[in-house]
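To start, the structure itself, in structure tokens.
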């Protein structure tokens, strides 16, 4: 057997550990390759819009490539830690440290080569399905037909082979200073009972409290100013949470005799503190990587909702036209003609929007009849006002914190009397950039000369809605963009530009999340041999199969979900801060994103736990 064959057989013998590393690397290569397929697609090099998509895809591929370096480096470090005893035995058999380093280098290059080839092949298999998905998400006018991506294959293959080569060199360099005694004893070297520093424990609570408080209390642009300090404070607090606070809590529980001596809790807590502190760096990394994934996807998803909801809130009608130009009649006639040609049936309304200077601000004031006319157009109930009554109208949407307090102002009529508003209602009947007043028809006649006025028309489609986009394209080509508004077309244009960002963010978030799950898998299986010995010894003392399953379930749940729960809390706070930034409720979007990720992690946990328990039971 040659040395290369020996290295190959080592990979096969350690397939349990290498499986997660191989599959995670393969998935990372596949995602990178997918972005390369997009970036080099012939259709995406035809116009400016597509070139921005290409730029986004290349940027995403770069982010994934950089992250892949650290991910693969960490994975290899985990394998080396779990194989200390193996290396020690090989040295006792006469293998030099130089040969061990060469063996590790060859093993890693073999895994990297297979993962790269596998990722490219999987990418080719699913390329057409992903291209079809991208067609809809990116809203690209031309079909993304399948092509054989020679350039993408070459870029991906050489990029990742270079990555695995340098990581293999780095890992072999790390191995150079290991002593035989350290390798033989491996994880049996006692590190002593882990203890928590009381000051650092309290500091963890303080830092997390300050970070969460700063994120939740900040409003508007203050959120942006507080972002960097909050992130730094929360990062330090999270690290201390796993290294100090978790150990402190476990030690306190161990001192509580009712808890510690209850059923199988003694087995659970016996080395839990040691494991929490020993795995602190991994848990910290998983928590932060998962938080990045939650925030990336949640922010993009939420921002999309903010944009589309704002347009729908301000413009409730299918089409609207606002102007102060002299060619008003000609343009309105063109709009009506276009709607008729496209066979779109509509209800319409017209008014003049007049703004007045009140208390140093320019504020829109409309009368009851006009307001009710437009409210009926969108199916809302009319209002009834008596002379002297005033209503403040606000719309339910994001105004980026720029609402004006109209209840504190007074409207002065030509008669000298003043009107004081006392009631606020919510409606999007009229397109106002902020709050405005509604007065009775008689009081409206007594208002002074307006500071500004615009003629406003609205059309609400009742039939032929499938032709709205076709009509919109004709109207936007003929009329000024600031005058004509089609809600459906505006949302389409936003999504056309925003789609690539959402698509890229989604993939990057998925890569981060898969990597976080892989980190947990590596750490859990690094202790497998030690757990086999421990539970084998305990089973001789009368531990039943049911009790074994219970202990393993609780132990793996704590180690698996501790960083995930922390990440979910971080993500929830971050998305709440995003809501405060835009003054828009993103609770629904936050719950959807966090719930989907939690559900995926739960499924992943059950799969890992099944195989982990199977390995332990087989050893007993």
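The values are calculated or read from the model by the stated rules, or taken from the named source; none is laboratory data. Because the structure is predicted, anything quoted here is derived from the model rather than measured. Cβ: placed from backbone, ideal geometry, glycine included. Neighbour counts: every protein chain shown.
With a cut-off of at least 3 residues that are within 30 Å of residue 474 (Cα to Cα), name the helices (runs of 4 or more DSSP H) lying wholly within region 327-446. Please lay out each step first, then the result.
Details: elements: 328-341, 368-377, 441-445.
Helices (runs of 4 or more DSSP H) meeting the threshold: 328-341, 368-377.
Quick test for you: out of 532, 540, pick the one residue that is without any contact (Cβ under 8 Å) to a residue 40 or more places away in the chain and outside the structural domain of residue 85 (by TED's automatic domain parsing). Write out each step before concluding.
Details: 532 fails: without any contact (Cβ under 8 Å) to a residue 40 or more places away in the chain.
When all the criteria are applied, what remains is 540.
Do any helices (runs of 4 or more DSSP H) entirely within region 202-262 hold 3 or more residues that are surrounded by 14 or more Cβ atoms within 10 Å (Cβ to Cβ), and if so, which? Walk me through it before giving the result.
On the way: elements: 222-240, 246-255, 257-260.
By residue number, 222-240, 246-255.
Before we move on, is residue 582 farther than 21 Å from residue 218 by Cα and at pLDDT below 85? Spell out the reasoning first.
Details: farther than 21 Å from residue 218 by Cα: no; at pLDDT below 85: yes.
No; evaluated as a whole, the condition is false for this residue.
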>> Tell me the residue from 115, 129, 134 that is exposed (fewer than 14 other Cβ atoms within 10 Å of the Cβ) and either modelled with pLDDT of 75 or more or in the same structural domain as residue 2 (by TED's automatic domain parsing) (or both), please.
In response: 129
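When the residues of region 313-340 are narrowed to those that are surrounded by fewer than 16 Cβ atoms within 10 Å (Cβ to Cβ) and in contact (Cβ under 8 Å) with a residue 40 or more places away in the chain, which ends up farthest from residue 67 (Cα to Cα)? Please lay out each step first, then the result.
Step one: list which residues in region 313-340 are surrounded by fewer than 16 Cβ atoms within 10 Å (Cβ to Cβ), which gives 322, 324-330, 333, 336-337, 340.
Of the ones still in play, those that are also in contact (Cβ under 8 Å) with a residue 40 or more places away in the chain are 322, 324-325, 328.
Working: 322: 50, 324: 54, 325: 55, 328: 57 Å.
Here the residue is 328.
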> Has region 350-357 got at least one residue that is under 21 Å from residue 379 (Cα atoms), surrounded by 16 or more Cβ atoms within 10 Å (Cβ to Cβ) and at pLDDT 90 or above?
Replying inline: yes
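Quick grid of which residues meet (1) under 38 Å from the mean Cα position of the chain (by Cα); (2) under 19 Å from residue 349 (Cβ atoms); (3) loosely packed, with under 15 Cβ neighbours inside 10 Å; (4) not assigned by TED's automatic domain parsing to the domain that holds residue 320:
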| position | (1), (2), (3), (4) |
| --- | --- |
| 446 | no, no, no, no |
| 451 | no, no, yes, no |
| 454 | no, yes, no, no |
| 460 | yes, yes, no, no |
| 465 | yes, yes, yes, no |
| 471 | yes, yes, no, no |
| 475 | yes, yes, no, no |
| 479 | no, yes, no, no |
| 482 | yes, no, yes, no |
> Out of region 61-105, which residues are modelled with pLDDT of 75 or more and assigned to a loop (DSSP other than H, G, I, E, B)?
Replying inline: 93, 94, 95, 96
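So if I check each of 344, 297, which one is more than 12 Å from residue 484 (Cβ to Cβ), crowded, with 19+ Cβ neighbours inside 10 Å and at pLDDT 90 or above? Steps first, answer last, please.
Details: 297 fails: at pLDDT 90 or above.
Going through 344, 297 in turn, just one is more than 12 Å from residue 484 (Cβ to Cβ), crowded, with 19+ Cβ neighbours inside 10 Å and at pLDDT 90 or above: 344.
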> In region 23-31, is there at least one residue being at pLDDT below 75, within 26 Å of residue 151 (Cβ to Cβ), crowded, with 22+ Cβ neighbours inside 10 Å and out of contact with any helix residue (DSSP H, G or I) (no Cβ under 6 Å at 6 or more places or on another chain)?
Replying inline: no
>> Quick check on residue 316: is it within 32 Å of the chain's Cα centre (by Cα), more than 30 Å from residue 547 (Cβ to Cβ), modelled with pLDDT of 80 or more and not in a helix (DSSP H, G or I)?
In response: yes
>> Given the condition at pLDDT 90 or above, under 23 Å from residue 308 (Cβ atoms) and touching a strand residue (DSSP E or B) at 6+ places or on another chain (Cβ under 8 Å), answer yes or no: does some residue in region 448-458 qualify?
In response: yes
>> Please go through region 231-252 and give me each residue that is over 22 Å from residue 213 (Cβ atoms) and in contact (Cβ under 8 Å) with a residue 12 or more places away in the chain, ordered by number.
In response: 243, 247, 250, 251
>> Condition (residue is outside the structural domain of residue 427 (by TED's automatic domain parsing) and under 30 Å from residue 476 (Cα atoms)) applied to region 279-300: is it met by at least one residue?
In response: yes
> Quick one: in region 429-444, which of the residues that are modelled with pLDDT of 85 or more and under 47 Å from the mean Cα position of the chain (by Cα) is farthest from residue 218 (Cα to Cα)?
Replying inline: 439
